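Trainee: Following this message is one structure expressed as structure tokens.
The values are calculated or read from the model by the stated rules, or taken from the named source; none is laboratory data. Computed from a predicted structure; not experimentally measured. In this analysis, Cβ positions are derived from the backbone assuming ideal geometry, glycine residues included, and neighbour counts consider all displayed protein chains.
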């Protein structure tokens with residue numbers, strides 16, 4: 001019989017130790033995913049696992065962004081899009 005555990009699991013090492021000790025076969029996470037949708041990647045990074053982006057999402061990989069796209073100050077974007085609540089005309 002497979003066992004699933006959930007609740008109060010907030011770190012990579014905590015989840016890994018539960019699995020390695022045989023206390024559960026699978027970890028179920030919900031609240032941590034609502035709080036941080038990038039948690040699986042964060043956990044993989046903490047455990048030294050490299051997760052590849054699916055090909056169709058590779059353009060969303062921050063490591064592939066040009067430095068100018070990441071470091072563009074907000075004030076440089078002003079005037080390029082209508083402000084909230086305006087029609088842009």
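Trainee: Take the residues in region 32-52 that are more than 14 Å from residue 63 (Cβ to Cβ) and either within 8 Å of the chain's Cα centre (by Cα) or touching a residue at least 60 places away in the same chain (Cβ under 8 Å) (or both), then tell me which one is surrounded by the fewest Cβ atoms within 10 Å (Cβ to Cβ).
Mentor: Selected residue: 37.
Trainee: Across region 1-24, which residue is modelled with the highest pLDDT among those that are within 22 Å of residue 48 (Cβ to Cβ) and touching a helix residue (DSSP H, G or I) at 6+ places or on another chain (Cβ under 8 Å)?
Mentor: 24
Trainee: Turning to a different aspect of this structure: Quick one: is residue 19 surrounded by 12 or more Cβ atoms within 10 Å (Cβ to Cβ), free of Cβ contacts under 8 Å to residues at least 12 places away in the same chain and in a helix (DSSP H, G or I)? Don't jump to the end; show me each part of the working.
Mentor: Numbers: surrounded by 12 or more Cβ atoms within 10 Å (Cβ to Cβ): yes; free of Cβ contacts under 8 Å to residues at least 12 places away in the same chain: yes; in a helix (DSSP H, G or I): yes.
In short, yes.
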